[in-house]
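All of the numbers you see were taken from the coordinates with simple rules; none came from a lab. This is a predicted model, so every value here is computed, not measured. Cβ atoms come from the backbone with ideal geometry, glycine included; neighbour counts cover every protein chain shown.
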Amino acid sequence: MRRKIIAGNWKMNTILAEATDLAKAISSGVNPEKSTVIFFPPFPFLQNVREVIANASNFSIGAQNLSSKEGGAYTGEVSAKMLTSIDMEYVLVGHSERREYFNEGDNILFEKLNQSFENGLKPIFCCGEPLGERSSGNHVQYVGDQIRNVLFLLTPQQLNSTIIAYEPIWAIGTGQTASPEQAQEMHLLIRDVLKEKFEPEMVESISILYGGSVNAGNALSIFGQKDVDGGLVGGASLKVNDFLDIIKAMESIG
């Protein structure tokens, strides 16, 4: 049975007091039994948030990014080894904002994945198509190539340690909405593409999260889809009641 995951990506938001208050309110407001909740705070607050959730069941923490380099003269970079030294468990790789604003391509993402595996971090690999690719009908090829160009280079053991998040970039901040059926279609596509290279039984065990605009109103219908195993939540993860409702929606699904 695939693991159900609700991940909150706080992006470049919160100051220290806000981060710890947010973590306290959410971790004390729900006791997830069927799913794992992962916070992705900004780098400066990782240890503070980790301490807040230390005794909370099924809560974990991860970093929003890591360097593709092992270490050295790379000012401002944070290595995988640094993250594991402060007990981080997860890391985001390939988020659409990193791809767009920081020009992170397939080679860099593969190097980041390798750094993750070598240092015991569990990556959440993000993929998804922008509006132009969706409008032209090229979204299937586009997302398929994102998977083939990076994840096909992994060993089966490495892929088995990877979580995938599908981001419908075309439906984020554009006024358009991805339906639950469209989410299911793309999650199934990702699984089918992986089966071109890897054993179907293993692929079926991999969790694929929905990284669109998940909110309290649409969470239940999206999470109810067969190949949707949770969400990578952005803005709603910064609102206590909204994020609690999203977690509860995941918990309500058998």
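Would you confirm whether any residue within region 118-131 is closer than 21 Å to L232 by Cβ, touching a helix residue (DSSP H, G or I) at 6+ places or on another chain (Cβ under 7 Å), in contact (Cβ under 8 Å) with a residue 60 or more places away in the chain and assigned to a loop (DSSP other than H, G, I, E, B)?
Within region 118-131, one or more residues are closer than 21 Å to L232 by Cβ, touching a helix residue (DSSP H, G or I) at 6+ places or on another chain (Cβ under 7 Å), in contact (Cβ under 8 Å) with a residue 60 or more places away in the chain and assigned to a loop (DSSP other than H, G, I, E, B).
What helices (runs of 4 or more DSSP H), lying completely within region 164-254, carry at least 2 residues that are over 29 Å from G29 (Cα atoms)? Break it down stepwise before answering.
Details: elements: 180-194, 200-203, 219-223, 240-251.
Result: 180-194, 200-203.
Looking at S79 and the list (1) surrounded by 19 or more Cβ atoms within 10 Å (Cβ to Cβ); (2) in contact with an Asp or Glu (Cβ under 8 Å, 6 or more places away or on another chain); (3) not charged (D, E, K, R), which single condition is not satisfied?
Here S79 clears every test but (1).
Please go through region 21-49 and give me each residue that is within 20 Å of the chain's Cα centre (by Cα) and among the polar types (S, T, N, Q), ordered by number.
Within region 21-49, the first condition is being within 20 Å of the chain's Cα centre (by Cα), and the residues that meet it are 22-23, 26-27, 32-47, 49.
Correct list: S27, S35, T36, Q47.
Out of A7, A19, I need the residue that is more than 16 Å from K248 (Cα to Cα), hydrophobic (A, V, I, L, M, F, W, C) and surrounded by 21 or more Cβ atoms within 10 Å (Cβ to Cβ). Which one?
Values: A7 fails: more than 16 Å from K248 (Cα to Cα).
Exactly one residue qualifies, and that residue is A19.
Could you figure out which of (1) in contact with a strand residue (DSSP E or B) (Cβ under 8 Å, 6 or more places away or on another chain); (2) farther than 14 Å from H187 by Cβ; (3) surrounded by fewer than 24 Cβ atoms within 10 Å (Cβ to Cβ); (4) not polar (S, T, N, Q) isn't true of V233?
(3) is the only condition that V233 fails.
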